[in-house]
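Reviewing the structure listed below.
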Amino acid sequence: LKGPQGTQFGKSAESGVINVYTKPATKRFQSEASVDLGSYDSRDFYGRISGPMGSDDFSYALSVSNSSRDGFSKNLLTGNRIDERELTSFSAKLRFNPSTSWDIGLNYTKNKTDDGGSAFKTGTRENPYEIDDNPYDDRSEMNNDLLSFVIKYKEDDYTFTSTSTYAKQDVENKSYASSFGGLLA
């Protein structure tokens, strides 16, 4: 796009925008699933169903995914594996599409992340390159709730889009930024 990005995507888009479009709810039944296994006990699962709800004007989509793996490394001070990860995500979408001009959607996504971290903390604000060698196994757990309501109206030469969103994020750090030299020190 030429010109100020804020006119298209809001005041926080001075440097540009990355738009992520997920699969919409469909008017005909669809389903898909995948399972991937790999080294370090890596496991990825994805499942999705979508289809009409009563009439052709209403449709739904439900998806669930889980991705997990053991850590690549071992904390030599504690003997525990580090940097393991687990991400679980659930998505539900309702879509009202009565004509080619109108498209209205309500979307909800729930993400839960358990992210194993590093055995060592980076240094304090005074010296960010210092490494603290105290034996900690840190973790960061996040819970995200995302809700959006999108109304689109298309005509020959223009598209009107109204988007309302709500986001909530809870983060719990366990020894992630410790008082012994973490980023918050």
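The values are calculated or read from the model by the stated rules, or taken from the named source; none is laboratory data. All of these numbers come straight from a predicted model, not from anything done at the bench. Cβ: placed from backbone, ideal geometry, glycine included. Neighbour counts: every protein chain shown. These accessible areas exclude ligands, DNA and RNA; they are computed on the full protein's heavy atoms, side chains included. Shrake-Rupley method; radii C 1.70, N 1.55, O 1.52, S 1.80 Å.
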Open item on the list: I'm told ALA119 meets every condition in (1) at pLDDT 70 or above; (2) crowded, with 16+ Cβ neighbours inside 10 Å except one. Can you identify the failing condition by its number?
Closed with: (1)
TODO: State all residues of region 1-28 that are at pLDDT 80 or above and more than 17 Å from VAL64 (Cα to Cα); if no residue qualifies, say none.
DONE: LYS27, ARG28
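A quick yes/no check of all residues on (1) of a type in the set (Phe, Trp, Tyr); (2) under 30 Å from SER55 (Cα atoms); (3) modelled with pLDDT under 90:
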site: SER73; (1), (2), (3): no, no, yes
site: ILE82; (1), (2), (3): no, no, yes
site: GLU126; (1), (2), (3): no, no, yes
site: ASN144; (1), (2), (3): no, no, no
site: SER148; (1), (2), (3): no, yes, no
site: TYR153; (1), (2), (3): yes, yes, no
site: SER179; (1), (2), (3): no, no, yes
TODO: Report the residue count in region 47-78 for those that are open to solvent by less than 70 Å² (accessible area, probe 1.4 Å) and without any contact (Cβ under 8 Å) to a residue 12 or more places away in the chain.
DONE: 1
Open item on the list: All but one of (1) open to solvent by less than 90 Å² (accessible area, probe 1.4 Å); (2) among the charged types (D, E, K, R); (3) modelled with pLDDT under 85 hold for ASP44; state the number of the condition that does not hold.
Closed with: (3)
Task: Search result, residues across region 94-113 that are open to solvent by 50 Å² or more (accessible area, probe 1.4 Å) and part of a strand (DSSP E or B) - done: LEU94, ARG95, PHE96, TRP102, LEU106, TYR108, LYS110, LYS112
Open item on the list: Residue pairs, Cβ under 6 Å, 6 or more apart or interchain, first in region 144-165 and in contact (Cβ under 8 Å) with a residue 40 or more places away in the chain and of a type outside the set (Phe, Trp, Tyr), second in a strand (DSSP E or B) and exposed (fewer than 14 other Cβ atoms within 10 Å of the Cβ). List them.
Closed with: LEU147/TYR166; SER148/THR165; VAL150/THR163; ILE151/SER162; LYS152/THR161
Open item on the list: Just to be sure before I move on: is ARG81 under 22 Å from GLU32 (Cβ atoms), over 19 Å from the mean Cα position of the chain (by Cα), open to solvent by 40 Å² or more (accessible area, probe 1.4 Å) and among the charged types (D, E, K, R) in the structure I sent?
Closed with: no
